[in-house]
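Below is one structure, written out as structure tokens, with a few remarks after it.
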Amino acid sequence: MIASLRLALLFVVLVLSASEVRAHNVGQSYLYLQVYQDRVTGRFEVSLADFNAARRLTGTDQEITPANLDERIGVLRDYYRSHVTIADARGPLEIRFTTHGVLDVRGGYAQLSFDLGGLDGVPDRLTFDYSVLLDEEPGHRGFLLVEHNWATGTIANEGQISLVFSPDARQQTFEITTGSRWRGFVAVVRLGVDHIWMGLDHVMFLVALLLPAVLVRRDGRWGAIEEFTPALVNVVKIVTAFTVAHSVTLSLASLGILHLPVRMVEVIIAGSIAVAAADILYPLFHGRIWLIVFGFGLFHGFGFAAAMEEIGVLREHIGLTLFGFNLGVELGQLAIVLVVFPLLFLARRLVIYRRVALPLTAAAMILISMVWVVERSFDIKLPRPGTVVSAVQSSLS
């Protein structure tokens, strides 16, 4: 029993630690371009909190803040010069920094404006090599947005994403003189995939539903489903109900038809994990799992819509954007199922899975869920296990 408890606590420590890391991974930086008849200008934007955390500057005398940006701007400019290359067909272009400022959003975003030097007119295409915070934080994403390009009818655009930079997609080419609707669609699909993969609460809810999908209750105990087909049918029902539910509310919220308070939605999403996990330990819904899946799936859809609104991708081509993001969510969800389900099916006959791993995992999920419910309800950050251990060690030393 003690050994099992230790395993559960270890699982909680690992998952809570992972969720803390993932909070940085959702960070985003931006590259805006303005394409004129005879020149190209641009602007970099990066969260100072993300930059300081990724570069291990937080809490040191090297930390960059809105108050000391003027004196520390050289550090940011040097970093960008070494992590961003913009080239035309002849080779790299000079990034000539001009003005800088602070965007007063979420603790402050540094804005670094620049001109592209070395151009001979406006090129047909530009090639980007973008590595801003991608080495320090692999989950970080950089967005390219063309803010102004009269030749393609782009005016004051702050929402249509043209490229998404990630650790495996640093080098990309963008057509300046042609439309970028297809590239924008692909970028939004990728955002949907990233959101489901990086949204630990969505993943945990899905996994909590999949864990017992290969099992059946007999006399109050979990037993293995003998055939593959019934287990697969269970998974298909779960995925379908979740997809239909979150697609409905994602569409309604994105189109401005129905809205719920973001905090309430986030609290309910966190609580949905506890309910799904509790049904593993005790038959709350007596096999009618679709009630959990569909009911809470509606709130997950509101959560997806809030993420789209926060990213700012709902301002143009809303139909295409909505379809692309939802497609990305489904592809990311399908990838999770394709990895998890075969493993669960192979493990279903193991007594250690049914009587030890399953209940311990469910208990750990409930605990993590309750932590998130408290944090999201009161907008606080509870101490993580690693933080508590460090504090105890410091007090004893």
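The values are calculated or read from the model by the stated rules, or taken from the named source; none is laboratory data. It should be emphasised that the depicted structure is a prediction, and the values quoted were computed from it without experimental measurement. Here the Cβ positions follow ideal geometry from the backbone for every residue, glycine too, while neighbour counts run over all protein chains shown. SASA here: full protein model, heavy atoms, side chains in, ligands and nucleic acids out. Shrake-Rupley method; radii C 1.70, N 1.55, O 1.52, S 1.80 Å.
Summary of values
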| read-out | value |
| --- | --- |
| Whole-Hz couplings from phi, Karplus 6.51/-1.76/1.60, listed for the range 200-215; x for Gly and Pro | 4, 5, 5, 5, 5, 4, 5, 5, 4, 6, 7, 3, x, 5, 9, 10 |
| Accessible area in the full protein assembly, largest first, 1.4 Å probe, for 45, 266 | 266, 45 |
| Amide hydrogen neighbours beyond the local backbone of residue 40, cut-off 5 Å, H modeled | 116 |
| Förster radius 35 Å - calculated FRET efficiency between residue 318 and residue 94, Cβ distance, rounded to 0.05 | 0.40 |
| Those trypsin sites (Lys or Arg not before Pro) in the range 203-299 that DSSP places in a loop and that have at most 16 other beta carbons within 10 Å | 288 |
| Ranked order, 290, 372 - accessible area, probe 1.4 Å, largest first | 290, 372 |
| Per DSSP, loop trypsin sites (Lys or Arg not before Pro) in the range 336-369 with at most 14 further Cβ within 10 Å | 349 |
| Residues residue 166 and residue 218, FRET efficiency given R0 of 41 Å [Cβ-Cβ distance, rounded to 0.05] | 0.35 |
| Solvent-accessible surface ranking, highest first, for 229, 65 at 1.4 angstrom | 229, 65 |
| Alpha carbon convex hull of the range 206-347, volume per residue in cubic angstrom | 102 |
| Full-extension gain in nm, residue 73 to residue 288, via 0.36 nm per residue minus C-alpha separation | 71.6 nm |
